[in-house]
1. Could you work out the helix-only [θ] at 222 nm for chain C, with each DSSP H run of four or more residues adding -39,500 (n - 2.57) and the total divided by the number of residues, to the nearest 500 deg cm²/dmol?
2. Calculate one ³J(HN,Hα) per residue across the range A:258-270 by plugging θ = phi - 60° into the Karplus curve 6.51 cos²θ - 1.76 cosθ + 1.60, and present them in order as whole Hz with x for glycine and proline.
3. Arrange C:207, C:236 by Cβ neighbour counts within 10 Å, fewest through most, would you?
4. Calculate, for residue B:117 and residue B:88, the FRET efficiency according to 1/(1 + (r/R0)^6) with r their C-beta to C-beta distance and R0 30 Å; round to the nearest 0.05.
5. Whole-Hz ³J(HN,Hα) for each residue in the range C:131-148, computed from phi via Karplus 6.51 cos²θ - 1.76 cosθ + 1.60 with θ = phi - 60°, x for glycine and proline: what do you get?
6. Using a 7 Å offset from Cα along Cα-Cβ at residue A:152, what residues in the range B:42-84 end up with backbone N under 18 Å from the label point?
7. Sort B:134, A:148 so the one with the fewest other Cβ atoms within 10 Å of its own Cβ comes first.
8. Give the separation of the Cα centroids, the range C:117-163 to the range A:226-267, in Å.
Amino acid sequence: MEGARVTFRSDTVDAPAPNILTWLFRRVGSLNELLKISPRLGVLVKGAAGVAGAILIWELIRALRIVDPRDLPAFLAIFRTALQGLWGGELAVAIVATIGSWAPGLFIAAVLGVAAGIALALMPRLEVATRPLLEFLRPIPSVALIPVALLVLGIGLQMQLFMIAFASIWPVLFSTKAGVESVDPRFLETGRVLGLGKAARMARIVLPSTLPFVATGLRTASAIALVLAITVEMLTGRPGIGFYIENVRLNGLITEMWAAILVTGVLGYLVNALFMALERIALPWSPENRER
Amino acid sequence: MNANRRHIASLAWQAGTIVLLLTVWQWAALTYPAPYLPALENIATGFLRLWHGDLLFSAIVPSMTRLAIGFVIAVVVGSVAGLTLGYLRNLDPWVRPVFEYLRFIPAVAILPAALLLFGPTDTMRIFVIAFGSVFPVLLAATDGARRVEPLLLEVARVERLSIPERLFRVILPASLPSIFAGVRIALSIALVMMVISELIAADNGLGFYILRNQRLFQTANVYAGVLAIGTIGLALTLALLAVEKRVLAWHRGWRGLPGADG
Amino acid sequence: MGAAMSEPILVMNKVGKAYSAAVPILRDVSFSQAPGEFVAVVGPSGCGKTTMLRCIAALMQPDQGEVLHLGQQFGDPPPWLSIVFQDYNRSLFPWLSVRQNVGFGLRKIDRRERDERVEQALSAVNLTHAADLYPWQLSGGMQQRCALARSIVVRPQLLLLDEPFASVDAQTRIDLQDMVMDICKKMSLSTLLVTHDIDEAVFMADKVVVLSTRPAQVVEQIEIDLPHPRDQLTTKESPEFLRLRHRVYTLVRHQAQKSAAAHTEREDQ
């Protein structure tokens, strides 16, 4: 800052007065930008250091033989195996298969959940009548229903889709319902004052103000759907990452197993990031995005 | 008077739905006998049998024990780590990427690794339950600690509280509403992880009971087991809400939420 | 008051503070406060009064100059000082009852003595009947009285008041002013009041320190030799009060105009 002040003084010699200010503003502006970039760089460096630290701890656990090093391969080996598996290997096939059941299952849950959520919010009678059923079904951990689904539907895509949809419908349904119920009555009054009919109020006020809730519900649902897809694969041997992990473990391919878990974590992260990005792009005005 | 009548009406509607559903089920079970449609009385018998004698100790007790230990570990570790992280903001950028990665690993995927490291033991199941449910608590505690009213922290400084005192007397109570929200999510995840760990590798517990009866085509018992898990989930959730209502009475009143006792 | 010319309870010696080189807040702020003296600091809004208070409380370290207590420097918030903040609804702990809030700072003392002191403080601010309520169940004035009780229960030598009456209605403000003056006299507390209300400053203080627009400097220190006890009606109607009020008002308005002029100038270019 001292340096800047000195330059400032020498500049005054030949520059006319108003320009000094503009120059100063620009100078301060560029400094601000620098300060804005450098903390970000700092965060990046610290984050990378944290990741390096975590890897180091992993290697330390190996080196100190806290667990059998044969069960805990070197991180680099896992990383290399993961890349190989992804580059046209079995791992890539497994991930595609998991996504292939995750996406349609989630889609079914989204459609049914939004429809049911709106219906329940708009029809109080229906809500009252179905409340015991919903309150009864909701606390049952959906994975406990896998054996039931096996009984009724047998092993297959149908059963997997049912389980994914059943498990992930709840967050969509309840947040949609909450969204419709929390529409600010002042918005609806404004709509009526402006002469909007019931259908128009629905489409132009209720729906848009519910969307952020739907989006949040969908993001939660996407993670649940992934857990269910993987669990069903593990339990019933449906092709996918869950079956792959369990299969390589049973065959003693330890590095492959860790690589698959590493990649599954990345998949979970990407799924969440995808829905966050969709929210931000589609609903830039949503309260959650404004806060950031 | 009017509100009372409406309340009775809604209760009648709800009772009606339940009776209707049960009737349809029973009618279907008797008219179209199928392995997946056992009669209600068989399910009820199976359900009641779970709560005493051998089955209580081979199914419910082991499940509840693992759930309790794993869940408590998750709540304690998550709260302590989260509050520390939230209070010591400088620490956050160092560990955030690692946590952000770990929290999005679908917790089931960890199960084979836990099985490899710990074998098919209770340690493994408790580890999986705790791993799955620790992150919601941790994130909620971090968030809560970060949002503590700065003026309250200044009051604590003026009153010369030490850092542990600040953590326990200011940051912890101020973060409790947020922590409880995380704990509620953690409970449902812990329940899911308990069931999964027992479905995949166990020789007792409710998950194992359900899976074995499914293989034996004892369908009524399968439904009874699912019902039992649902009952436990509901009971624990209600218990948690009751604790929360007591502990956070000040919060409900402060924020003007309904149901404040304070 | 202030008859004993002992070491000043507080000395500000050329204190300077800046958030960055471009934004100086305080520049060479100097004044001193005798034990038992009631000092009011006034200045145009946003001039850095609160920053100054935070420097005194050691919640912030000044960049230049020094803050002395009985001739000594100090680092962390010291035990002989306490603060009442403006935002009572943010500075009281919502999970503690009024009684627990008042007792918050009392630690490491006998429980009976602790209870006794809390009761004394509660009765001093007339809150005994509300002791078991939560602060958020009280009106603004009662909440501020709770904050006041929490500050005096630790028996400080110096009480800092950061615009404590700014967020309450007019009648409550008058009652609080009388209560604070009364308590400070009874406990022979040295009190430093930061305010933008000129009437309040002249009415309550033994000395008014007028600050300039940002960066804040001491423009003038005015001794207020109005007799005690002061009364909301008779004191405020006395010619001496009106004269002092006029003087402080002129000084502050001059500062405000200067700051407005500076703004216009900046916008012109």
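Laboratory data are not the source of any read-out in this text; all were calculated from the coordinates shown. Here the structure is a predicted model, which is why all the values come from computation and not from measurement. Methodologically, a virtual Cβ is constructed for each residue, glycine included, from the backbone with ideal geometry; neighbour enumeration extends over all protein chains shown.
1. On the way: 9 runs with 102 residues, N = 269.
Value at 222 nm, helices only, nearest 500: -11500 deg cm²/dmol.
2. 4, 4, 5, 5, 4, 5, 4, x, 4, 4, x, 5, 5
3. Ranking C:207, C:236 by Cβ neighbours within 10 Å, fewest first, gives C:236, C:207.
4. On the way: r = 31 Å, r/R0 = 1.02.
The calculated FRET efficiency here is 0.45.
5. So the J values, rounded to whole Hz, are 4, 9, 8, 7, x, 6, 8, 9, 6, x, x, 5, 4, 5, 5, 4, 4, 5.
6. B:42-44, by backbone N distance to the label point.
7. Details: B:134 28, A:148 19.
With the fewest neighbours first, B:134, A:148 line up as A:148, B:134.
8. 62
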